[in-house]
Amino acid sequence: MKRIIRLRGPRSALAASAPEWAKAQGWATAAERIVVHVGLEAPVDDGGAAVPPVYDAVIELWSDAPCDADSLRSDWEQVEVRSSTQIIGKPSEYPLAVGISPGLSQLSFIRAIEGLPRTEVERHWGEHIPLACEIHVGMNRYVQDRLSPPDPWFGMAHLHFPSEAALRDGLFRSAEDIAVITADVAEFVSDYATMVAIEHIVKA
C-alpha cells in the first residue's frame, strides 16, 4: 500500500529534518520504501521575498503499517495522509539508491474539475502521459499519484530532473510547449500548485 504524507510547520527539532524524522517513525521499520521530498523556497526577482514551498515535506510511504494524521500532529502543524494509486509514466533507468538523489523534483498537486467523474479525470490524466514525456524532455522520471480521498488535491505529479539545468532548460523548450500542456490539462484540472524539492531516498 502506498501513501502520500504532506507536511507543513515542523513543531519539533527532529521534524526540522524531515528525512531523519521519517526514519524515527514507528512505521519506518516495517516500510518497504520511504522517499522524502524536502521543499525549497521558490526563487524571486531581486528585492522580492522568497516564496515558501506548498509543503515543507512530502513523503512517499510504501507500508501496510498504520499511519494516521492524528499521530503525527505532535511534530507538525499540518498533516495530510492520503492513499495513493501510483502510475509510472516514465520509469527510472537505474535503481534508486539510499541518500540524496541527484537533481531536483518538481511536485505538482492538481485539483480536478468539479463534477467531472473520477474515471474521466483518470482517463484524461492517463492520456496526458505521452504528451508530458514528449514535452518535458529534461525529466528522467515521471510518476502520477492518484489520491484518496481527493481533498484538497486529486493527485500529485512527480517530475524528476537529473540537474538544475535539466529542469530549467528541459521542462519547456518554447512558449508553444507551455500552450500545449496548458490546453491539455485544462480538460481535467481546475487548479494546481507546484513546488520544487530535494529528494531523499530514506529506504529503498
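The values are calculated or read from the model by the stated rules, or taken from the named source; none is laboratory data. Source: prediction; values computed, not measured. Cβ placement follows ideal geometry from the backbone for every residue including glycine, while neighbour counts extend to all protein chains displayed. To get the accessible areas, we keep the full protein, side chains included, count just its heavy atoms, and leave off ligands, DNA and RNA. Shrake-Rupley method; radii C 1.70, N 1.55, O 1.52, S 1.80 Å.
Points to keep in mind about this one:
- Conditions (1) exposed (fewer than 13 other Cβ atoms within 10 Å of the Cβ); (2) modelled with pLDDT under 95; (3) of a type outside the set (D, E, K, R); number of the one not met by A42: (1)
- Of all residues in the range 153-187 being part of a loop (DSSP other than H, G, I, E, B) and in contact with a strand residue (DSSP E or B) (Cβ under 6 Å, 6 or more places away or on another chain), the one that is surrounded by the fewest Cβ atoms within 10 Å (Cβ to Cβ): W153
- Restricted to the range 188-204, and to residues there that are aliphatic (A, V, I, L, M), open to solvent by 40 Å² or more (accessible area, probe 1.4 Å) and in contact with a Ser or Thr (Cβ under 9 Å, 6 or more places away or on another chain), the residue that is nearest to S63 (Cα to Cα) is I198.
- Of the strands (runs of 3 or more DSSP E) entirely within the range 1-117, those holding at least 2 residues that are of a type in the set (D, E) and over 17 Å from Q144 (Cβ atoms) occupy 76-90.
- Residues of the range 111-149 that turn out to be aliphatic (A, V, I, L, M), touching an Asp or Glu at 6+ places or on another chain (Cβ under 7 Å) and open to solvent by 30 Å² or more (accessible area, probe 1.4 Å), as a count: 1
- Among the residues of the range 163-201, those that are in contact with a Leu (Cβ under 9 Å, 6 or more places away or on another chain) and either closer than 15 Å to P102 by Cα or of a type in the set (F, W, Y) (or both) comprise S163, E164, A166, L167, F188, V196, A197, I198, E199, I201.
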